[in-house]
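Heads up, the thing below is written out as structure tokens.
Read-outs: derived from the displayed coordinates by stated rules, not from any lab. As the structure is a computational prediction, the values presented were derived from the model and not from experiment. Glycine gets a Cβ as well: all are built from the backbone with ideal geometry, and neighbour counts include every protein chain shown.
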């Protein structure tokens, strides 16, 4: 078999492992909360600890790969990710798990940063690369399609730890193929790593997400939260200044003068910050509100994920015939319509209320993924493909991390306001109790928290907490749809075929 196909296999297996880990973890979160006694904030950090380190380091990993060798960095990423997965499985508390998840993000950054570049260097631009990107997109579709189901089955039958143990043999197999079959490549003009940019970018992201996650607890007008937000803005301004001054920046701002490059980053950020970030809260609704098991939740995700899998190869085949902006615009708009139709859930509705939205959003994701992957590396010179892939993955992961934090803050804030309205006149409607009760309803910890509520008002308080969670969930689904519609409009406006290598 030709080397290019071995390369595609290795990259696809690694991507499958990374995305499987994300989708599997979503379904397992309620079980993790129960076993490790985790709070609502802890559950957010299980996902954000991974996304933050991946987003913060993926550009650095791309730069290192261009200098040290893409195959070498990809192999080290496989090793780090597999070892960190083992640590996740052995976690005895939320902090241990979240630190291990952060280490996973380091390995994920190394793998993500060079995956598209490795494919792009083996497949020539045009129809051949379009077919390869279509197959790569199918891998994403398969991981998304069976991830919730595998996660639900493993969590229900073997425990949540098994979802992390699964990565170890997959990573070992991918490492063997990488060492034996992949070709080494690097950028001969690359000379140094922008460490100042790494520190500034990572620091700004961390301060922003920390402020968003802690805002409801501390108060949005508190000195701590305002200081974190101001610090994030200042450090980000410093990052931009550094990028304009250093000889070899980690994020060359000149690339954003190409409208197609900017448009595809907006598309990646849009779908990640909306649909993918909202998977966390959809899982909490299915398991903690409707009372489904992890395996039952996995089955409910099958319509959206199966369609994403089926549409991705079709989208890849159409890349050389249909304008990229049309496919991005239609795909993002479909995800927006899907999220909008998922919303307006009533207390007595069951999971089928989400079904039509799931189907439409699945088609949209299938259209988007291969186009984003192809355009991201086809609007820059081949020698910069590692950097371009890293930038695209950065926008994806920043979208997930920021989306999870923003939607969590909005849903709990809106839920607490709804709770105060419904539980007016009870002791639970004052102070921080509304927020605590809505978070308990979100994370599946409501029964324990209700033990401290007077017996005569316990039923009213429980109903108000559940209705508060539902009100917040409906709001973030609607806002997520607006993000997708805005991203669709910007992609249609910015992405132009003349800037894409065909």
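Annotation for region 402-472 versus region 210-245: alpha-carbon center distance of 28 Å. The base-10 log of I(q)/I(0) for region 35-162, evaluated at q = 0.13, 0.17, 0.18 Å⁻¹, reads -0.65, -1.01, -1.08 [Debye formula, identical scatterers on Cα atoms, solvent excluded].
With both labels modelled 7 Å from their Cα along Cα-to-Cβ, the residue 459 to residue 192 distance reads 7.2 nm.
For region 433-482, the convex hull spanned by the alpha carbon atoms encloses 59 Å³ per residue.
Between residue 222 and residue 173, the simple label model (points 7 Å from Cα in the Cβ direction) yields a spacing of 4.7 nm.
Relative contact order, whole percent, for the chain stands at 24, derived from Cα pairs under 8 Å and 6 or more residues apart. Rounded to the nearest 10 degrees, what's the angle between the helix 195-218 long axis and the longest principal axis of the chain, both from Cα atoms, 0 to 90? The angle comes out near 20 degrees. State whether region 328-439 is rounded, prolate or oblate according to the following rule on the C-alpha gyration tensor (a ≥ b ≥ c being the square roots of its eigenvalues): a/c under 1.5 gives rounded; otherwise a/b larger than b/c gives prolate, and the remaining case gives oblate. Oblate, since a/c reaches 1.5 and b/c is not below a/b.
If you line up the long axis of helix 324-342 against the longest principal axis of the chain, both from Cα atoms, how many degrees apart are they, to the nearest 10? Roughly 10 degrees, rounded to the nearest 10. Convex hull volume per residue, computed on the Cα atoms of region 253-382, equals 115 Å³.
Taking other Cβ within 10 Å of each residue's Cβ, how do 206, 279 sort, fewest first?
On the way: 206 19, 279 23.
So the residues, fewest neighbours to most, are 206, 279.
Kirkwood hydrodynamic radius (Cα pairs, Å) of region 194-249?
Every distinct Cα pair counted, the radius reaches 11.7 Å.
Here the residues 418, 447, 35, ranked from fewest to most Cβ neighbours within 10 Å of their Cβ, fall in the order 447, 35, 418.
Fewest-first ordering of 178, 394, 92 by other beta carbons within 10 Å of each residue's beta carbon gives 92, 178, 394. Determine the gain in length on full extension of the stretch residue 127-residue 234; use 0.36 nm per residue of separation and subtract their C-alpha separation, reporting nm with one decimal. 34.1 nm is the gain from fully extending residue 127 to residue 234. Here the convex hull built on the C-alpha positions of the chain has a volume of 127 cubic angstrom per residue.
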